[in-house]
Amino acid sequence: MPTRMLRASVIAIVITASLVVRASPEPSARELHRAGVEAFQRGDYTAAAHAFAAAAQLRPDRPRTLYNLAVARMRVHDTAGAIEALRQLSSLGLVLPLGDDEEFAALREKPEFRAVLAAMAAHREPRGKATPLFTLPKHAGIIEGIACRPSTGDTFLSDVHLRCIWRRTAAGAVTRFTAADDSIGGMFGLVIDEPNQRLWAATSLMSAVAGVAPDTRSSGALAAFDLDSGRLLARYPLPNDTREHLLGDLTLAPDGSIYAPDSSAPTIWRLAPGAAAPKPWITSSVFESLQGIALLDDGRKLIVSDYANGLVLIDVATCALHWLAAPVSTTLVGIDGLAARGTAVIAVQNGIEPQRVVRLSLSDDFSAITSVTTLASSLPGLDDLTLLTLGDGLPTVIAHSGWALFDPKKSASMSAHDVQVFQLPPLD
């Protein structure tokens, strides 16, 4: 869901079956960044530059820290330092409109700055390969999640705006799979439970859902549908507490548990087999905007994306958190959807420009990222990306989802657009 805001030993305290995690030392990077913002706002640009530099030392993969560092250095007339920060920013593979940024107007004639702009422009060159698989023509919704059913060849697609799931048959026929039901929120992540004939969906009420007022407090639920008929079998809402909740993705563990990250509250929820409601599984003040989730190591580990913080590995048995460091000259921020097979993790990175699909290769013990490879970027039609799946073992991703077209300030309805589904080459 691209409309979201833009650490790793832990001290764990278990409280009533929920794990509350406080992290150290990783929050210091966030605290230093915040100190830099506060210093900048009061006009102490020297202190701001020192704080942002210290934060960048801890997290050289965070674009917003590097950008702010460059601006702060410009304010203290350290042009060489500003260019170096921008050079580091460019090395992450990003594109920013620096040439039009008045903060760097004094650098426009410098060859070093023009070299940074040229390097960023090169990041817009098409990379990788993505083959159009099928299109939903003139669709007036927001397609977020995708799941493939090998036994029938059906593809299921979740719709946030129209609060439903669509089914596309192997022959290409597209029909509405779920019935109209105002009790169901917008549909997000999907997962198939073939043995139990269920299709699970993460659902949420939010402003992008048709019929929902813009100021509605977001709430979430898990829903189970009959895999053949689309009939709603059960709905498991999150607690109606004072917080906002948004469930954007979910995964099904081998024991039948459902795990779902909450993008609004810093919590990963678990629906145990036979339980009446999801319960908080891990809560951490470090989580800023949880997004995608996938199983690793035969279900013994989970990998979860945090839009602002990157990727965290979780041991299911112990609930221990291990934040995965980004390799040099890469960034893991802005990751949304995840899919995994073996030690390969495929990620949709839609929180940066250009958006891209990347492959992360993990070490044999899953404790480190050994390499990051861009599988597809800046290709025709490959934008406004959402979630993905491994259809027949091939990374399959949604593009032109509709998020980029939704503007509640202009209209509560969606304009028709062609949703595209792309397939990437098989994993080796």
> Do we find a residue being assigned to a strand (DSSP E or B), surrounded by 24 or more Cβ atoms within 10 Å (Cβ to Cβ) and at pLDDT 95 or above anywhere in the stretch 322-330?
Replying inline: no
>> If I ask for residues that are polar (S, T, N, Q) and either more than 18 Å from T330 (Cβ to Cβ) or open to solvent by 60 Å² or more (accessible area, probe 1.4 Å) (or both), which ones from the stretch 57-81 would you list?
In response: Q57, N68, T79
> Taking the condition modelled with pLDDT of 95 or more, farther than 16 Å from R127 by Cα, in a strand (DSSP E or B) and of a type in the set (D, E), does D418 pass?
Replying inline: yes
> Of the conditions (1) surrounded by fewer than 17 Cβ atoms within 10 Å (Cβ to Cβ); (2) out of contact with any Phe, Trp or Tyr (no Cβ under 8 Å at 6 or more places or on another chain), G128 fails just one. Which one is it?
Replying inline: (1)
> Within the stretch 272-289, can one find any residue that is open to solvent by 30 Å² or more (accessible area, probe 1.4 Å), within 25 Å of C164 (Cβ to Cβ) and either under 22 Å from the mean Cα position of the chain (by Cα) or of a type in the set (S, T, Y) (or both)?
Replying inline: no
>> So if I check each of D298, D336, D315, D306, which one is closer than 20 Å to W281 by Cβ, buried (at least 23 other Cβ atoms within 10 Å of the Cβ) and of a type in the set (D, E)?
In response: D306
>> Among the residues of the stretch 233-246, are any at pLDDT 95 or above, in a strand (DSSP E or B) and surrounded by 21 or more Cβ atoms within 10 Å (Cβ to Cβ)?
In response: no
> Would it be correct to say that V357 is within 18 Å of the chain's Cα centre (by Cα) and open to solvent by less than 20 Å² (accessible area, probe 1.4 Å)?
Replying inline: yes
> Which residue out of E144, E194 is acidic (D, E), open to solvent by less than 20 Å² (accessible area, probe 1.4 Å) and either in contact with a helix residue (DSSP H, G or I) (Cβ under 6 Å, 6 or more places away or on another chain) or closer than 21 Å to A260 by Cα (or both)?
Replying inline: E144
> Quick one: what pairs do we get from the stretch 335-358, first residue farther than 12 Å from I303 by Cα and part of a strand (DSSP E or B), second open to solvent by less than 10 Å² (accessible area, probe 1.4 Å) and charged (D, E, K, R), C-beta under 7 Å, 6+ apart or different chains?
Replying inline: V348/D336
> Do any residues in the stretch 112-126 that are among the charged types (D, E, K, R) have Cβ atoms under 7 Å from those of residues that are assigned to a helix (DSSP H, G or I), where the two are at least six apart or on different chains, and which pairs are they?
Replying inline: E112/I83
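Please go through the stretch 317-357 and pick out each residue that is of a type in the set (V, I, T), touching a Leu at 6+ places or on another chain (Cβ under 9 Å) and under 24 Å from L252 (Cβ atoms).
Residues satisfying the conditions are I335, T343, V345, I346, V348, V357.
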> Consider D384 against the criteria (1) open to solvent by 30 Å² or more (accessible area, probe 1.4 Å); (2) within 23 Å of E353 (Cβ to Cβ); (3) not hydrophobic (A, V, I, L, M, F, W, C): it satisfies all of them except one. Which criterion is unmet?
Replying inline: (1)
>> Quick check on my filter: what residues within the stretch 90-126 are closer than 30 Å to L250 by Cβ and not hydrophobic (A, V, I, L, M, F, W, C)?
In response: G93
> Would you call A223 within 23 Å of the chain's Cα centre (by Cα) and not in a strand (DSSP E or B)?
Replying inline: no
>> Of everything in the stretch 179-199, what is touching a strand residue (DSSP E or B) at 6+ places or on another chain (Cβ under 8 Å), within 23 Å of H245 (Cα to Cα) and assigned to a loop (DSSP other than H, G, I, E, B)? Give them in sequence order.
In response: A180, D181, S183, I184, G185
>> Just checking, does the stretch 398-410 include any residue being open to solvent by 50 Å² or more (accessible area, probe 1.4 Å), at positive phi and not charged (D, E, K, R)?
In response: yes
> Could you give every pair whose Cβ atoms fall below 6 Å, whose first residue belongs to the stretch 24-44 and is charged (D, E, K, R), and whose second residue is at pLDDT below 90, counting only separations of at least 6 or pairs across chains?
Replying inline: E26/R7; E26/A8
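The values are calculated or read from the model by the stated rules, or taken from the named source; none is laboratory data. Remember, it's a predicted structure, so these values are computed and weren't measured experimentally. Cβ sites come from the backbone with ideal geometry, for glycine too, and all protein chains shown count toward neighbours. Ligands, DNA and RNA are excluded from the accessible area calculation, which covers all protein heavy atoms including side chains. Shrake-Rupley method; radii C 1.70, N 1.55, O 1.52, S 1.80 Å.
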